Each structure stands twice: as C-alpha cells, then as structure tokens.
Amino acid sequence: MSFERVLDQRVPRRILSGALKNNLLASAYLFYGDQGTGKWVMALELAKAINCEKGCGDACDTCASCLKIEKMTHPDVKMIFPVPAAESGEKGQKETERFRRLKSQNPYAIVRFEKNVNIPVEQIRAMQREIALKPFQAKRKVIIIDQAEKMHVSSANSLLKTLEEPAGDANLILTSNDINKLLPTTVSRCQQIRFAKIPPKVIAEELMATHQLDGERASYYANVCNGSYGRALDLLQGEKKNLREDALTLLDVAAAGGTGRMVHAVKELLGRWDRNSILEMFEFLAALFRDVRVAMEGSDKLINADLAPDVVKLSRKFKRQNTVEEAFQLVEQVRIDCQTRNASQKLALLRVCLEMKRFWRREARAA
C-alpha cells in the first residue's frame, strides 16, 4: 500500500518520497490540515517506510516491521494521542485501546470522546525517556503525536526540549487539525507539510470502491463532507444524521422562538455535541444556505439532496438572494471565529439564531 494508501495529497507524498530517496528526512515533521484528510495515515506510512526491512524507500507492507507498525504494536514506534483528562487507570486504558482499535479498522476514522481531551505532560516525559534509548528492533525510533494542538501547556513546553535537541536515531511526527493552536516555537522547529482538502471526486471514487456505494450516494457524501474522508465515513455510518436534524431544529427555533427558547436550544445542543461536532454543524449550515441559493435559482443540484424538502421550505423564508448570501457569510464567520480564535460556541450559536431572526423579519417586511 505505502503512500498510495493516502488519498490524494500529492504534494506531501512527493516531499516525503523525495526525502526518503535522498536520505534527507527531517528530525521533526508537522502534518497539518483539516480533520480526516490523511495526516494520521501518512504518519503511519512514513514510520513504516523509515523502518521497512526491505529498505526500498517505501513500505513493503509484508515484512515484520511493516506489519507490526500497521497493527500499532512495534516497540520502537510510539503513538501519543489525546485522552479524556479525567480518565486514568483501567478506564483510561480502555479509551486508549478503543482509539487503537478504531484506527486499526480504518486509519481515516475520526475518534471522538465524550469528555474534553488533552495530551498530559506524563505522556511526553515517558516518550522522552524512551527516545533517549537505542532502538530495540527498528532502524530508527518514530514518535507520532496525534492532534498535537491538544497538548497541555506543560506538555508543549516539555516537547520543545526534544525538538531543540533531537535524538540522532529518532524522528518525530506531529499531526494537527489546527496549527494556530500550537506554540509558534513548536511550529518553527518542525518541517511543516500542509494536507489539503480531498477533492470530492477522489472521495466519491473511494467510497464506491470500498463501500460499494452507487455513484449518486457517493457523490452526495463526497460533496457534503467538505474535503474530509473521515467526515464522509461519519456520514456514511449515520453518526451525523442527528447533527443535521438538530441544526434544522435550531433554525426553526430562530424563526419562531423568543430569546429564552433560543438560549435553551443552544444549551441542549452544547450538552449533546462536542466542540468538533458544533464546528461541523456550522459547515452543514453553510452548505444548507448554499443549497437554498441554488434552489432559488431553480436548480436541483443540491449538496444535501436528501434534504430537498427542507431546503425548499427554508428557501420560502427568503425573498432576496443577497439575504441568503448574508446568512451564508454569517455562518462562515462564526465557524472561523470558533475554529481559529477559540470563540465561545455558545455565543456563536446564539448569534446565528438572533441574526437569522433579524434576517427573516427584514425579509417579511420586504414581502
């Protein structure tokens, strides 16, 4: 499989293949980009390629080293990832095993936890003790830190010591869904490789090949997942159906409810969905308003084709396309504020409700 296992991402593949071929690997890499775009898969494949027993500059997927890394059992390839802050002991171990199991089943899987997660400093310090030792079986030790932006402040500061004085026989690979949440000093000490959104055509072809979907269904999931194959899998498994229904309900509350009802609805949403899911809700709303604009133009080429009746119903609340564009820009702005500036999601959701109510009142007066 090797790097071919990574969907699209031609630039990262070319950079890393060249580094392997010319023996110019960086001591530390930072793979960054949207969730579900292949950063974890690439980190795994790079670890395999570095330590492949056939030494062909790529992973053979048949030698003992490649197979152990694929199963996440290689003693010289350490994987660090966020866990719920309050979990420890047996329960914490179960969460760790769940992460490994889901990633083993599908490396593009987006693993979610019920509680807030972080990477505690103890994990970083344990890694530092291990990296000081010579490799046990492999040519080089490889450390993969998934979602590095989840590191506790003390963890990030501790990691800087390793980045500033890298071990001669080890490579670090950090992945991040949001590079802006990392310490600038961490970013500057890594070779940064950006993972772009995956083209819908590539996602659709993969869904048809691996999940036996027909072209129409595959295209739908590919268009609504916003360039993330991991999110496409979520949608396929039905995990996001309720999220979309809750987003539509929120718009109904904005249209008919008072401020008190809006506050109650937002509180329920925040109790039901984690931070990443709320960001996905904003993405869905943006796609929904895009569909409203398309419907008002008389076209049926909707991203949310299965929600056509809801799109038509929503479009009737608008009289002018420029108001739909305002709604789209509103949702995009609050999404960006929450994702890059750590804005309050509660206030963001309330802002959407209040602004949408204002838009529709203005539309009613213009009728």
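Points worth noting:
- Cross-link partners of Lys48 among lysines, defined as those whose alpha carbon lies under 20 angstrom from its own and excluding same-chain residues fewer than eight positions apart: Lys21, Lys39, Lys68, Lys71, Lys78, Lys103, Lys134, Lys139, Lys141.
- Check: the chain dipole with +1 on Lys, Arg Cβ and -1 on Asp, Glu Cβ, in debye: 620
- Counted over the chain, the DSSP beta bridges are approximately 10% antiparallel.
- Theoretical gain in end-to-end length, Leu248 to Arg275 [0.36 nm per residue, Cα-Cα removed]: 7.9 nm
- Within the chain, longest stretch clear of exposed chymotrypsin sites (Phe, Trp or Tyr not before Pro) (DSSP loop, no more than 15 other Cβ within 10 Å): 137-367
- At R0 = 45 Å, FRET efficiency that the Cβ-Cβ distance of Cys63 and Arg362 yields, to 0.05: 0.10
- Rounded to 10°, Cα long-axis angle of helix 215-224 versus longest principal axis of the chain: 90
- Modelled this way, with points 7 Å down the Cα-to-C-beta line, the labels at Glu268 and Ala256 are 1.2 nm from one another.
- Measuring r between the beta carbons of Glu97 and Glu122 and using R0 = 22 Å, the FRET efficiency lands at 0.75.
- Once C-alpha pairs closer than 8 Å and six or more residues apart are averaged by separation and normalised to the residue number of the chain, the relative contact order reads 17 percent.
- The apolar share of the surface of the chain, taken as the fraction of accessible area on carbon and sulfur atoms (1.4 Å probe, ligands and nucleic acids excluded), comes to 50 percent.
- Cβ-based net charge around Gln321, under 12 Å, with every Lys or Arg adding one and every Asp or Glu removing one: 0
- The calculated FRET efficiency for the pair Lys54 and Asn342, based on their C-beta separation and a Förster distance of 45 Å, comes to about 0.50.
- Average accessible surface for region 238-367: 50 Å² per residue, computed with a 1.4 Å probe over protein heavy atoms with every protein chain in place.
- Measure of compaction for region 217-367 (Cα Rg per 2.2 N^0.38 Å): 1.00
- Residue among Ala148, Ala64, Ala247 with the largest mean-square fluctuation in a Gaussian network model of the chain, springs linking Cα atoms under 10 Å: Ala64
- Computed over region 173-285: relative contact order in percent, which uses C-alpha pairs under 8 Å that are six or more apart: 18
- Max mean-square fluctuation residue, GNM over the chain, Cα-Cα springs under 10 Å, options Ala327, Ala204, Ala19: Ala19
The values are calculated or read from the model by the stated rules, or taken from the named source; none is laboratory data. Keep in mind it's a predicted model, so treat the numbers as computed, not measured. Neighbour counts run over all protein chains shown; Cβ positions are idealised from the backbone, glycine included. Accessible surface areas use protein heavy atoms only, side chains included; no ligands, DNA or RNA. Shrake-Rupley method; radii C 1.70, N 1.55, O 1.52, S 1.80 Å.
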